[in-house]
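The values are calculated or read from the model by the stated rules, or taken from the named source; none is laboratory data. Predicted, not measured: the structure shown is a model, and the values here were computed from it. Every residue, glycine as well, gets a Cβ built from its backbone with ideal geometry; the counts of neighbours run over all protein chains shown. Protein only, heavy atoms only, side chains kept; ligands, DNA and RNA dropped before computing areas. Shrake-Rupley method; radii C 1.70, N 1.55, O 1.52, S 1.80 Å.
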Amino acid sequence: MIRLANVEKVYRTDRIETVALSQIDLTVAAGEFVAVMGPSGCGKSTLLNLIGLLDAPSSGTIELAGKPVASYRDREVSRLRNQTIGFVFQTFHLIPDLRVLDNVELPLLYRKMSGAERRARATRALERVGLSSRLQHFPSQLSGGQQQRVAIARAMAGEPRILLADEPTGNLDSQMGDEVMGLLEDLNQKEGTTIVMVTHDQRQADKAHRTIRIFDGRQVAC
Amino acid sequence: MLKSHLRLALAVLQRRKVFTAISLFGIALTLLVLIVAGALLDNVFGAFPPEVHHDRTLLIFNVRMEGKNAQSTSPAGFGLLDRYARDLPGVERMAITSTMREAFSYQGGQKHRLYMKRTDAEYWRVLQFEFLEGAPFAEAEVEAGSRVAVLNRSTRERIFGDAPALGRDVEVDGVNYRVMGVVADVSMLRALPFSDVWVPHSAAKDQAYRKELGGDFWGLLLARDAAAFPQIQAEFRSRLQRIDLSAEPGFERILALPETLFASTSRMLFDTHDEAESRPERLVGVLGLLTLLFLGLPTINLVNLSVSRILERAPEIGVRKAFGASALSLVGQFVLENVVLTLLGGALALLAAPLVLAAINHSGLIPYAQLGLNLRTFGLGLGLAVFFGVLSGAYPAWRLARLHPVQALKGAAR
Amino acid sequence: MILHLLRLVWHRKRQSALLLAELFASFLVLFGVTLGSVVAADNWRRPLGFEWENAWFVQIRPSTGERRDEVMASADLIALRAAVREFPEVQAAAFIDPAPFQQSQWMDAGRIAGRRVRFRIASADDGLPEALGIKLLAGRWFSREDDGAAAEPIVVTESFARHVFDTADVVGRDATAEQEGRDSAPPPARRIVGVLADYRQDGELMGPEHYVFRRAEPASGAIRRLPRVMLVRVAPDSGVALEERLLRRLERERPGYTFQIEPLSQMRSTRNSISLVPLATGGVIGLFLLVMVALGLSGVLWQNVTQRTREIGLRRAHGAAAADVFRQVLAEVALLVTIAVLAGVALVVQVPLMDIVSGIRPEVFARSLALSVLGLYGLALAAAAYPARLAASLEPAEALRYE
């Protein structure tokens, strides 16, 4: 489902070059649940951004769903992100000006789809995360755990084959964190969604099928 | 998607009340000024009764005589129009009117300042005035040099009170005229039909004006249709070349051209009398340039406000990009937001415009001004609002759509 | 501190550039409005050079048409003037052309005493000073002793004298205007017989220009162009009744002419309102643009402050007092204004340097410039005051936590 071959990412500013990732070879099979662990600043998030096509590698190739991402043109990358990938962020990143339902509809907005169907799908996704009573609330009216569940519903609504989660439980207490993890596991088992999750928490990582460790931009052991 | 973006745009505007208020204030006032200016221009150049055949009327305003060391520009002379502008091919009617002149009337111990025009009988057929009393003077009165007059309603009221004036005498500049008719007021912005008093051109004390090439008269040519304009102009020009200028020492050629009101105005403003072709696009260009200059500051202001308003939402842009929004759709979204904002401002301006126009009408700054919002002015306001919205939304949208998604998510927007 | 701020401005150069553009454009608008008002106010305070109260304007038109000079005869004018002087209410009557507040003007230009000068010119008869309340600084007005003089007598304004001769003591000097670039007939010789303080035909709102009177006394015979306006000084409180009687008398005297009478006071208010309309329109539009800019600036800065909450929190944590933060926000704005003003002044001083607009005195220009610079600082700082207070009132801990 995901293949990275000899991927390297270097950040350049006027004076310094920082190697964020180097020689990353990684294969994630369809339906796998992979955890990525490592100390702060080791390049975990960069790896996730590369897989999610939010960022382009300095060298190396990335394949998604069997097809190499040949060019990183805005239009093609946008379509891939829209149809294949879903994101869950540590800080939720809900749009404060939009109601819960509109937030969940977001990935569907950039597809050709009728408003009614968009609405129906978003409502279904919110039902699955147990928030069907909060459709018309603004994000600021929800607790942290609820906000992250909205974010997961948003990622689910687009029915992506790959879900990328960047410390999804990092801003939550352990009980809420477990709830969120439950949702992700459920998604992985029932829908067969491939999940790549960055985490600091060994307990959460244990719930994944395998764990990748990164240290100073290099993959350590599988 | 459009609907959703529209909803978002409204939600954003509602939640950022201070920004919305400041932006709306600026937009509404800017558009208000432009709409009022547009209404003024429309009142000068648009088609309103009594100029019912505006689209097929040509005018001869000025003539220019040129010699080696001398040149003179003045309104056309009666003689020139009478002898050379009659029976042009493609012309249905030809009317002659003097330019507007100030005159005074002493009546009942009071003094009235009036504007007066001297016209022929055709004038009343080319222009369709609304007669409240009586009728216009006809060929018979003009040929006889009768001292008869048509007044407008306000002048009747000033001189005779509310009573009918038909058949009564009115004194203007020491001459007594019998009132033949009373017409509705026409705004002073309408150069051709505006006046307070109209009398036959032949009622003058002296008849020397009949021979003049340059003088103080205008010619109105009612063409069969606009397609006949070039033919009319060509024929008139060739007739002018045949004029014997021996009676005008120092001058070698005489120039004049029947043109539309807009083209003649453009010619007068730019003093391009020596050019054979009129260049009305110059006036359009200057008006456009003035509009753009005037729009400059409000646009920068709105761009600044928009940039701040949108920069605040950098994380939102990151999220949208992560979920597959292309740069183009983001540009569309933010431009749409600005267009919605300016349309709201435009709506406010359109609501306020009738009040401002009514205030100008009542101020007496322009005698008998009848400025009003019509469909054309309304369309202008709407078009300007959209133009302004796109203009001021494009730059910030373009800047933001290019944001790197990772940076945007971190909220680091510079 | 200034360097530190400059660096901040530089790092936010995109946003700073937009703000600078806005401030720059605002400066130009502000300067335009200020210059217009200062010039008008300056003009208003200066002496007009004549008295318009109780003076009436009588237009004389041969009814044969507008442009025929030859049909007017000196004898007609003399008879008309005499007829008007018969009225006991009439204190003086004189010919002038063009008259005060009249739209038309005559310009003349040439090289006098080696110096190039453009000036306005009017023709007047021997009785004008009494009719118009004109006072001479030196010399005398036209009189019979000018009859048959070899050089045409002229009366000039003090500004003309100082411009050409660098002194007001010019009575008796030759003021023949050599025409440039024209090899036509030699210019008529002119000699100065008197000097006036000032004379502004267009009224109080228009700027002073060099002005010259030439003699056009119908009784002297030799006039090239007959004046067509008679000014009549009447007793105070003369009304429409006298106007009508005068008019009828004139019509009876010379039926071939058309006459129009209007008090100068009325012509003055018409003229002034014509001058005021563009000024007022420009002023209103300019002020509204500036209010809009002030509001916009305030909004942008407010946004800027919320965006930089973290930076401000950091400064507070490192010991900056609330007043320091307040001052910093204001100082940043002041810095932007300074850059915009420098650019604006550099552009605006081209106007007098390249002599684009004439007739604006340097001190008026300088005063307008100073006022508009101060005005822009005031405007921008007033707009920044609220956001700056907002920034200063942030609690350090809260500011740091903010995301």
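Assuming charge only on the beta carbon of Lys and Arg (+1) and of Asp and Glu (-1), the dipole of the protein assembly as shown about its Cα centre is about 3180 debye to the nearest 20. Here the Kirkwood formula puts the hydrodynamic radius of the stretch B:71-249 at 17.3 Å, using every distinct Cα pair.
Ordering C:SER123, B:SER306 by how much accessible area each has at a 1.4 Å probe, largest first, what is the list?
Details: C:SER123 25, B:SER306 0 Å².
Result of the area sort, largest leading: C:SER123, B:SER306.
The distance from the alpha carbon centre of the stretch B:375-408 to that of the stretch C:12-54 is 31 Å, rounded to a whole number. For B:GLU171, which sequence-distant residues (separation of 5 or more, or a different chain) have an amide H within less than 5 Å of its own amide H, given hydrogens modelled in the peptide plane? Here B:TYR177 satisfy the definition. Points 7 angstrom from Cα along the Cβ direction at B:ARG86 and C:VAL349: gap in nanometres? Result: 6.8 nm between the two label points. Taking a ≥ b ≥ c as the square roots of the eigenvalues of the alpha-carbon gyration tensor, the stretch A:41-99 is classed oblate because a/c is 1.5 or more while a/b is no larger than b/c.
Once the other residues with Cβ under 15 Å from the Cβ of C:TRP44 are scored (Lys, Arg +1; Asp, Glu -1), what is the net sum?
Values: positive: C:ARG45, C:ARG46, C:ARG200, C:ARG268, C:ARG271, C:ARG361, C:ARG367; negative: C:ASP42, C:ASP198, C:ASP202, C:GLU204.
Taking every other residue near C:TRP44 into account, the sum is +3.
I need the calculated FRET efficiency for the pair C:ALA334 and A:ARG12, taking r as the beta carbon distance and R₀ as 45 Å, to the nearest 0.05. Computed FRET efficiency for C:ALA334 and A:ARG12: 0.80.
Arrange the residues C:VAL33, A:VAL150 by how much accessible surface each exposes, largest first, with a 1.4 angstrom probe. It would help to have the intermediate numbers written out before the result.
On the way: C:VAL33 35, A:VAL150 0 Å².
From most exposed to least exposed: C:VAL33, A:VAL150.
Estimated at the nearest 10 Å², the accessible area of B:GLU157 is 100 Å² with a 1.4 Å probe. Classified by the C-alpha gyration tensor, chain A has a prolate form. Its axis ratio a/c, with a ≥ b ≥ c, is 1.5 or above, and a/b is larger than b/c.
Taking the Cα centroid of the stretch A:1-79 and of the stretch C:248-304, what is the distance between the two, rounded to the nearest whole Å? The stretch A:1-79 and the stretch C:248-304 have Cα centres spaced 69 Å from each other.
Taking a point 7 Å out from the Cα of C:LEU287 in the direction of its Cβ, none of the residues of the stretch B:282-300 has a backbone N less than 14 Å from it. Count the net charge of all other residues whose Cβ sits under 15 Å from the Cβ of B:PHE48, scoring Lys and Arg as +1 and Asp and Glu as -1. Once all neighbours under 15 Å are counted, the net charge is -3.
Counting Lys and Arg as +1 and Asp and Glu as -1 over every other residue whose Cβ lies under 10 Å from the Cβ of B:LEU192, the net charge comes to +1. In this view, the solvent-accessible surface of B:SER154, computed with a 1.4 Å probe and all protein chains in place, comes to about 30 Å².
Between amide H atoms placed 1.01 Å from N, distances below 5 Å from C:GLY203 occur with C:PHE101, all of them 5 or more places distant or on a separate chain.
The alpha carbons of the stretch C:64-255 stretch over 52, 34, 32 Å along the principal axes, in descending order.
A 1.4 Å probe over all protein chains sorts B:GLU337, B:GLU92, B:GLU235 by accessible area into B:GLU92, B:GLU235, B:GLU337, starting with the largest.
Evaluate the Kirkwood expression for the hydrodynamic radius of the stretch C:141-271, namely the inverse of the mean inverse distance over all pairs of different C-alpha atoms, and round to one decimal in Å. Walk me through the intermediate numbers first.
On the way: mean 1/r = 0.0558 Å⁻¹.
Result for the stretch C:141-271 stands at 17.9 Å.
Cross-link reach is defined here as a Cα-Cα straight distance under 26 Å, omitting same-chain residues fewer than 8 places apart; for B:LYS111 the lysines meeting it are B:LYS205.
Determine the gain in length on full extension of the stretch B:GLU171-B:ARG15; use 0.36 nm per residue of separation and subtract their C-alpha separation, reporting nm with one decimal. Kindly include the intermediate steps, with their values, before the conclusion.
Working: separation 156, 0.36 × 156 = 56.16 nm, distance 6.75 nm.
49.4 nm is the gain from fully extending B:GLU171 to B:ARG15.
A simple spin-label model places pseudo-atoms 7 Å from Cα toward Cβ; at B:MET268 and C:GLU53 they are separated by 3.9 nm. Divided by 2.2 N^0.38 Å, where N counts the residues, the Cα radius of gyration of the stretch B:291-414 comes to 1.38.
Over the whole of A:100-110, what's the average partner chain Cβ count within 10 Å per residue? Rounded to a whole number, please. Please list the in-between numbers first.
Numbers: counts 0, 0, 4, 1, 0, 2, 8, 6, 4, 10, 8.
The per-residue average across the peptide is 4.
By the combined test of axial Cα extent (at least 27 Å) and Kyte-Doolittle hydropathy (mean at least 0.5), the qualifying DSSP H helices of chain B come to B:17-45, B:280-311, B:327-363, B:375-401.
Heavy-atom accessible area for B:ASP206, with the other protein chains in place and a 1.4 Å probe, reaches approximately 50 Å². Cβ-Cβ distance of B:ALA138 and B:GLN110, R₀ of 22 Å, FRET efficiency by 1/(1 + (r/R0)^6): the value works out to about 0.10. Interface residues of the stretch B:1-15, defined as those losing at least 20 Å² of solvent-accessible heavy-atom surface relative to the isolated chain (probe radius 1.4 Å), are listed as B:MET1, B:SER4, B:ARG7, B:LEU8, B:ARG15. Solvent exposure of the stretch A:2-221, expressed per residue, is 44 Å² of accessible area, with all protein chains present and a 1.4 angstrom probe.
Average projection, convex hull of the Cα set of chain B: 26.6 square nanometres. Annotation: extensible slack from C:ALA322 through C:ALA109 equals 70.2 nm (criterion: 0.36 nm per residue apart, minus Cα-Cα distance).
Each of C:GLU130 and C:ARG45 was given a label point 7 Å from its Cα along the Cα-to-Cβ line. The distance between the two points is 3.7 nm.
Rule-of-thumb check for the protein assembly as shown: C-alpha Rg over 2.2 N^0.38 Å? Don't skip to the answer; put the middle values down first.
Values: Rg = 40.0 Å, N = 1039, 2.2 N^0.38 = 30.8 Å.
For the protein assembly as shown, the normalised Cα radius of gyration is 1.30.
Projected onto their three principal axes, the Cα atoms of the stretch B:320-384 cover extents of 62, 16, 14 Å, largest first. For chain C, hydrophobic long helices are taken as DSSP H runs at least 24 Å long by C-alpha position along their axis with mean Kyte-Doolittle hydropathy of 1.6 or more; these are C:322-348.
Prolate is the label for the stretch C:108-183, because the ratio a/c of its alpha-carbon gyration tensor axes (a ≥ b ≥ c) is 1.5 or higher and a/b is greater than b/c.
As a length-normalised measure over Cα pairs under 8 Å and 6 or more apart, the relative contact order of chain B settles at 25 percent. Averaging over all projection directions, the Cα-based convex hull of chain C occupies 27.1 nm² in the image plane. Between C:GLN266 and B:GLU252, what is the FRET efficiency for a Förster distance of 35 Å, r being their Cβ-Cβ separation, to the nearest 0.05? Once the sixth-power term is evaluated, E becomes 0.20.
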